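The values are calculated or read from the model by the stated rules, or taken from the named source; none is laboratory data. Everything quoted here is computed from the prediction, not taken from an experiment. Positions of Cβ are backbone-derived with ideal geometry, glycine not excepted, and every protein chain shown enters the neighbour counts. Remember, those area values only see protein heavy atoms, side chains included, never the ligands or the DNA or RNA. Shrake-Rupley method; radii C 1.70, N 1.55, O 1.52, S 1.80 Å.
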Amino acid sequence: MNKKEPETSGIEKILPTSNEEEMKKLMKDLDREQAYREHKCWRQYITVIVSLIFVTFQLYATLSGKITGQILRASHLAFVQFLAFLLFPATKKQPRNTLPFYDVLLGLAGAACWLYIVINFKLLSQRAGNNTVLDVIVGIIGILILFESCRRIVGFPIMIIAGTFVIYAFAGKYLPGFLHHRGYSLQRVVCHLFYNTEGIMGTPIGACSRFIFLFILFGALLEKTGIGQFFIDICNAIAGGASGGPAKVAVLSSALLGTVSGSSVSNTVGSGSFTIPMMKKLGYKGEFAGAVEAAASTGGQLMPPIMGAAAFLMGESLGMPYITIVKAAVIPAILYFTGIFITVHLEAKKLGLKGLPKEKLPRFLPLFARKGYMILPLVVIIWFLCSGKTPEFAAFMGIVACLLVGIGISLFDLAKGRKPNFNSKDIIDVACTAARNIISVAIACGMAGIIIGIVTLTGLGLKMGAGLVSLAGGKLFLTLIFTMLASIILGMGAPTTANYLITSTITAGAIIQLGVQPLAAHMFSFYFGIIADVTPPVALAAIAGAAIAKAKPMKTAFNATKLAIGAFIIPYMFVFNSQMLMINASAGTIVFIILTAIIGMFGISVSLEGYGFKHTGFFYNSKKSKGIIITFDVLERLLFATAGFLCVIPETRSDIIGLSMMTILIAYQIINKKILLTKKQ
């Protein structure tokens, strides 16, 4: 009896084949979080056993609620430090199939420092403020090992910033002006950072150990069910046949994948390995194809409900319910992706590109009927979050839903006489993936704890905010520009979690001092920190897209910046009008804001692309040149840009002027297009 061939969607027949090994190498080269060792033989079992114990411990802590906050945080860091040195080599050039003895020693030493807190918790609590020499030595070793693991996994930016803050704690008494403070002893700094809940074991690690880990486990389980490919198939069914179909698929699928992905680079490589070759095959230039995927994948970090774990940290930092953060992020995220979608549509029209053959694309309803169950875990987790349940409970229920879906898939496969696609080995793989993925997040949270600890110890936060405001002469708009530049610089090369923690700690306070809503200030810093992934010169996501497209990296980065123009405009909108974040906003106001903003994004996109309903420029006949001449192209682009910005500005008068201008410009383009077509005939 012949075995039945596995089901394939129509799109798989026209997808370009991608080299999996090449994609893995690219991710390891560009994304530090993916540059892990792949142990073989006995070393593999150590990693698996420690990862399983780690996951079991975290689930027990969540379900039982019997482990106190500081012990949970210290235990979490002990697991993280041991796995960090077990999995990540000292340099990129070091072989990934070996485990040097010094990494084992560093891992054990790092874990031992945090277990020292767990074992001596009562004694440490009793002698708070009167720590022993041994306490200080353990703290110094623990902090230094944390710095080394940061260098290996998260990167130099946050390490240098945290190191500068630590130096400032000692050197502040020698500094002039607002940076001056009385100075602190080695014992005071070390004990404040290592043993205090205002330091490494502060709010970020608290959130990481309580529920961010659960969401990362949920994401790993969700990916194992094949939801990534399902999202791509769904997006192909929706937009694959439209003008420039693959580019629109890239935008939609990256928005969906962003709900479970925690990395701009991983998202770019993961979905870009399919979408970028298709875009090039259709007729898009390599630089544009790579830029579309990079801009869309970076936007995935701005897309609720998870936002690269930043949503949870923002809620913790601001003392706001998680659902408030998600609601605030919805409209800006929609506008961001709408801006990219409009631009790729205009580019397709300008180049005369068609979509993919519709007969080879999956049909939406049959596909959804066959595989729609895959989104059940996402629906479950969003439902519980919106119902006011705690993030821990929602994440746990999402994990249960994932397991039920996985079991359902296996039972269906068995009923069809096929080998189950989800089994016990997959569960072990998921545990190892979750344990590995939490390492960079936890280390970033720990390093952010150092920064926050020094800020609280020295009062630097208020001083920096005052300094930035003073530099801007107390003007809000200038302060926003300085904050934008600082956030982009601080966010370059940093993963999402570290990105938010750094930018919000250092820059958000300046905006808040000028009366801006704290939520708007944090979102402002977060947006510009994230967009650093496509902003030259670092632009890691754009470089990843360029590598897949075999295009020039910097040209791809500039194209990605153009596509992501919405991320440079939207934050100013919600700072000047917090109703965009659904703060004290009626339904009618929200709808009006969205409509005018979308029309504004259209105008700005036309200006950047030089194409709307036709090429920009005024047409006239010339007997000398015997044809139609295009002139004043720059003028029309400027008019569209002006109209677009007026629509985007959250103010009634500017909206009326912008909409009026846009109506005239669009009407002019449509009329001229008809005249041009008539003359050509």
Subset tally (residues that are under 16 Å from Val430 (Cα atoms) and open to solvent by 60 Å² or more (accessible area, probe 1.4 Å)) for segment 33-45: 3
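Show me the helices (runs of 4 or more DSSP H) found entirely inside segment 427-511 where at least 1 residues are more than 19 Å from the chain's Cα centre (by Cα) and more than 21 Å from Leu217 (Cα to Cα). Break it down stepwise before answering.
Details: elements: 460-471, 476-491, 496-503.
Those helices (runs of 4 or more DSSP H) span 460-471, 476-491.
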Identity of the residue in segment 381-426, more than 21 Å from Glu316 (Cβ to Cβ) and among the hydroxyl-bearing types (Ser, Thr, Tyr), that ends up modelled with the lowest pLDDT: Ser424
Qualifying positions in segment 149-181 - under 30 Å from Lys92 (Cα atoms), surrounded by fewer than 17 Cβ atoms within 10 Å (Cβ to Cβ) and in contact (Cβ under 8 Å) with a residue 40 or more places away in the chain: Phe156
Qualifying residue in segment 207-223 (condition: modelled with pLDDT under 85, open to solvent by 10 Å² or more (accessible area, probe 1.4 Å), under 30 Å from Phe422 (Cβ atoms) and part of a helix (DSSP H, G or I)): yes
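Being open to solvent by less than 40 Å² (accessible area, probe 1.4 Å), modelled with pLDDT under 85 and of a type in the set (Val, Ile, Thr) is true for just one of Val344, Val265. Which residue is that? Walk me through it before giving the result.
Working: Val344 fails: modelled with pLDDT under 85.
Residue meeting the stated conditions: Val265.
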Residue that is farthest from Gly319 (Cα to Cα) [pool: residues in segment 347-373 that are surrounded by 21 or more Cβ atoms within 10 Å (Cβ to Cβ) and under 28 Å from the mean Cα position of the chain (by Cα)]: Ala348
Residues located in segment 78-96, provided they are assigned to a loop (DSSP other than H, G, I, E, B) and of a type outside the set (S, T, N, Q): Phe88, Pro89, Ala90, Lys92, Lys93, Pro95, Arg96
Matching residues in segment 402-426 - criterion: being open to solvent by 100 Å² or more (accessible area, probe 1.4 Å), among the basic types (Lys, Arg) and part of a loop (DSSP other than H, G, I, E, B): Lys416, Lys419
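Could you list all residues from segment 98-149 that are on the phi < 0 side of the Ramachandran plot and outside any helix (DSSP H, G or I)? Write out each step before concluding.
Taking segment 98-149 first, the residues on the phi < 0 side of the Ramachandran plot are 98-128, 130-149.
Result: Thr98, Leu99, Pro100, Asn120, Arg127, Ala128, Asn130, Asn131, Thr132.
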Residue among Ile53, Ile67, Ile49, Ile119 that alone is open to solvent by 60 Å² or more (accessible area, probe 1.4 Å) and either of a type in the set (Gly, Ala, Ser) or closer than 18 Å to Met201 by Cα (or both): Ile119
Odd one out for Lys679, checked against (1) modelled with pLDDT under 90; (2) in a helix (DSSP H, G or I); (3) surrounded by 12 or more Cβ atoms within 10 Å (Cβ to Cβ): (3)
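Out of segment 449-473, which residues are among the β-branched types (Val, Ile, Thr), open to solvent by less than 30 Å² (accessible area, probe 1.4 Å) and either in contact with a Gly (Cβ under 7 Å, 6 or more places away or on another chain) or without any contact (Cβ under 8 Å) to a residue 40 or more places away in the chain (or both)? If you could, list the steps in order and put the result at the bottom.
Going through segment 449-473, the residues among the β-branched types (Val, Ile, Thr) turn out to be 450-452, 454-456, 458, 469.
Subset that is open to solvent by less than 30 Å² (accessible area, probe 1.4 Å): 450-451, 454-455, 458, 469.
Listed by number, the residues that qualify are Ile450, Val455, Thr458.
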